[in-house]
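Remarks on the structure that follows.
The values are calculated or read from the model by the stated rules, or taken from the named source; none is laboratory data. Given the structure is predicted, the values throughout are model-derived calculations rather than measurements. Counting neighbours? That spans all protein chains shown, and the Cβs are built from the backbone with ideal geometry, glycine included.
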Amino acid sequence: MNYSGTFYGIGVGPGDPELLTVKAINALRKIDTLIAPKTEKKSDSVALSIAQPYLKPSVEIIYQTFPMIKDFAEETEVFEANKEEILKHLRDEQNVGFATIGDPMFYSTYIYIFQLLESCGVKIVTIPGVPAFLAIASQIGRPLAYGNDILTIIPATAEPNAINTALDHADATVLMKVYKNFPEVVDALQARGMLDEAALVSRCGLDDEKIITDIAAHKQEQLNYLSTILTRRKHRG
Ligand SMILES: C[S@@+](CC[C@H](N)C(=O)[O-])C[C@H]1O[C@@H](n2cnc3c(N)ncnc32)[C@H](O)[C@@H]1O
């Protein structure tokens, strides 16, 4: 099959409208169709609202629902249907963009679609974006890793044993996707003396951004999906 359009995976950064790269803006200006990913629970797409100011007025916007998955193999039907919809537009000589929050190759739904399209022989251009954890470090003025620090990045949706083992060996640490198991994450950090150094940022760069440093006091709060914790083990001596 011949696909004459190009598929662009575009990282639009974590939310701040000035944190898109020139390359991302140029790609957004070029596309004819934009895929805006959304989850089953939420009707809006943060990635779309960041991308919107740069789109041609004629751009067709297609909302595609992606389930929050643990195992890609369990959700093949939804992904196949989304892939087919994208292929249809690429066959019609359209350039299709897929806007993704932060960076497309970092814990992103884009990765699944990228892998499916890659095996169909589609021309793909992936444009990196500023990942949320790096924007957060600058936003709150907290160097993330320096010298010989080893940076550990933990998705808090992982198995508790895996999270605890990673934390036992961690120094500079980023905890992503903390919205689900927040009370358990707080306990795990407390047990390792990593709470004093912790900062939680929700919706970094967006109008309703929240920065919380007394994390334990907020343990029972329902967090926004876009929430990340930066912390580190206290340096001794
Ligand atoms: C599916 S991952 C997407 C990561 C994204 N590709 C990146 O490069 O940052 C979703 C997680 O990213 C983090 N995240 C993304 N945007 C954020 C923001 N604006 N503020 C705080 N955390 C954010 C949260 O931990 C959230 O649960």
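Per-residue answers, yes or no, for (1) in a helix (DSSP H, G or I); (2) away from the ligand (no atom under 16 Å from the Cβ); (3) polar (S, T, N, Q):
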{"position": "Thr157", "(1), (2), (3)": "no, no, yes"}
{"position": "Thr165", "(1), (2), (3)": "yes, yes, yes"}
{"position": "Asp196", "(1), (2), (3)": "no, yes, no"}
{"position": "Gly205", "(1), (2), (3)": "no, no, no"}
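Every residue, every condition in (1) within 14 Å of the ligand (Cβ to nearest atom); (2) modelled with pLDDT under 95; (3) more than 19 Å from the chain's Cα centre (by Cα), yes or no:
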site: Ile10; (1), (2), (3): yes, no, no
site: Leu19; (1), (2), (3): yes, no, no
site: Val22; (1), (2), (3): no, no, yes
site: Ile25; (1), (2), (3): no, no, no
site: Ile31; (1), (2), (3): no, no, yes
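Could you tell me how many of the residues in the stretch 135-145 are near the ligand (Cβ under 10 Å from one of its atoms) and closer than 14 Å to Thr173 by Cβ? Summing the residues that are near the ligand (Cβ under 10 Å from one of its atoms) and closer than 14 Å to Thr173 by Cβ in the stretch 135-145 gives 1. Look at (1) under 14 Å from Tyr8 (Cα atoms); (2) buried (at least 19 other Cβ atoms within 10 Å of the Cβ) and you find that Val130 fails only one, number (1). Hey, could you check the stretch 125-148 for residues that are under 16 Å from Asp103 (Cβ atoms) and not in a helix (DSSP H, G or I) and say which is modelled with the lowest pLDDT? For the stretch 125-148, the residue satisfying everything is Leu144.
Look at the stretch 3-27: where a residue is on the phi > 0 side of the Ramachandran plot and a partner is small (Gly, Ala, Ser), sitting 6+ places away or on another chain with Cβ atoms under 7 Å, you get Gly13/Gly102; Gly13/Gly129; Gly13/Ala135; Gly15/Gly205.
Being among the basic types (Lys, Arg), more than 16 Å from the ligand (Cβ to nearest atom) and surrounded by 20 or more Cβ atoms within 10 Å (Cβ to Cβ) holds for only one residue in Lys83, Lys56, and it is Lys83. Taken over the stretch 177-192, the criterion of being assigned to a helix (DSSP H, G or I) and crowded, with 18+ Cβ neighbours inside 10 Å is satisfied by Phe182, Val185, Val186, Ala188, Leu189. Is it the case that some residue within the stretch 209-228 is more than 16 Å from the ligand (Cβ to nearest atom) and crowded, with 18+ Cβ neighbours inside 10 Å? Scanning the stretch 209-228, I find no residue that is more than 16 Å from the ligand (Cβ to nearest atom) and crowded, with 18+ Cβ neighbours inside 10 Å, so the answer is no. Counting just the residues of the stretch 146-155 that are within 16 Å of the ligand (Cβ to nearest atom) and touching an Asp or Glu at 6+ places or on another chain (Cβ under 9 Å), which one comes out nearest to Gln64 (Cα to Cα)? The extreme case among them is Thr152.
Hey, among the residues in the stretch 43-81 that are farther than 27 Å from Glu159 by Cβ and acidic (Asp, Glu), which one's modelled with the highest pLDDT?
Glu60
For the stretch 212-219, check the following and say yes or no: at least one residue is part of a strand (DSSP E or B), within 19 Å of the chain's Cα centre (by Cα) and among the β-branched types (Val, Ile, Thr). No: the stretch 212-219 contains no residue that is part of a strand (DSSP E or B), within 19 Å of the chain's Cα centre (by Cα) and among the β-branched types (Val, Ile, Thr).
Scan the stretch 87-124 for residues that are away from the ligand (no atom under 16 Å from the Cβ), in a helix (DSSP H, G or I) and under 21 Å from the mean Cα position of the chain (by Cα) and the total you get is 3.
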